[in-house]
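The structure under discussion appears below in the form of structure tokens.
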Amino acid sequence: MKRNSYHHGDLANALTGAAIDLARRGGPEAVVLREAARKVGVSATAAYRHFAGYGDLIHAVKEAAQAKLADSMATELAATDPLPDPAADAERRLGALGRAYVHFALAEPGLFRTAFCRSDKSHEEASAAMLESPAFRMLTETLDDLVAAGRLSLARRPFGETTAWATMHGLAMLLLDGPLAAVPEPERLGLVDGVVDTVINGLCGPADRPGR
């Protein structure tokens, strides 16, 4: 599009798309409003009519990155057939969500980092947005289905999302930026499967062991 050919909504979408590309290439630090405007071919003044500054733009990119993560998780869920037993199927889904989370991080490190970067939103706003995100809802629904199927006890249900999320997010970061980054691809896949199994067994194991 030429500089003067954008409609109001078109330019906002174009700027967001350009910023997503910047995030994909360099993470949240690469998201710069003036650079997005340059990529689109408009002036910074025109860009500021749609985004007041970095905070507004990074928020839009965060939402887009989280949506792409959810799409990846949904694709992983659809890749295998449902199981007839509700408990086994809920476990299948939980495993698929965990693997998809890490696989997305490895395939799209820039977007993954941006999806969870800090913004100028308050902690309350950021937490509310995450709780409403499609990825978090898929996790919550799967854990609820495990409870309904009798596989996850009510005693272990509280903080189930945090347990699963923190474990898989920690593994993703170790693989991206930590000492596990050098693990060869075949071993990496086995490592992810092993951690997923540990999460499932940990959540669905007996709730009355000593120390609980």
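Computed from the coordinates by the stated procedures, all read-outs in this text should not be read as laboratory data. For clarity, every value in this text was computed on a predicted model and none was experimentally measured. Virtual Cβ from ideal backbone geometry, glycine too; neighbours counted across all protein chains shown.
Here are a few things to note about the model shown:
- In this rough spin-label picture, where each label sits 7 Å from Cα along the Cβ direction, the Asn13-Asp120 distance is 2.7 nm.
- Think of it as helices only: each DSSP H run of n ≥ 4 in the chain is worth -39500 (n - 2.57), and spread over all residues that comes to -23000 deg cm²/dmol at 222 nm.
- Of His50, His59, His103, the one that fluctuates the most in a GNM where the chain has Cα springs shorter than 10 Å: His50
- Distance between the C-alpha centres of the stretch 54-85 and the stretch 92-113: 9 Å, rounded to the whole angstrom.
- Packing order of peptides 113-119, 190-196, highest average first: 113-119, 190-196 (average count of other Cβ atoms within 10 Å over each peptide's residues).
- Computed over the chain, relative contact order equals 21 percent, with contacts defined as Cα pairs under 8 Å that lie 6+ residues apart.
- Rounded, prolate or oblate (a/c below 1.5 giving rounded, otherwise prolate when a/b exceeds b/c) for the stretch 104-198 by Cα gyration tensor: oblate
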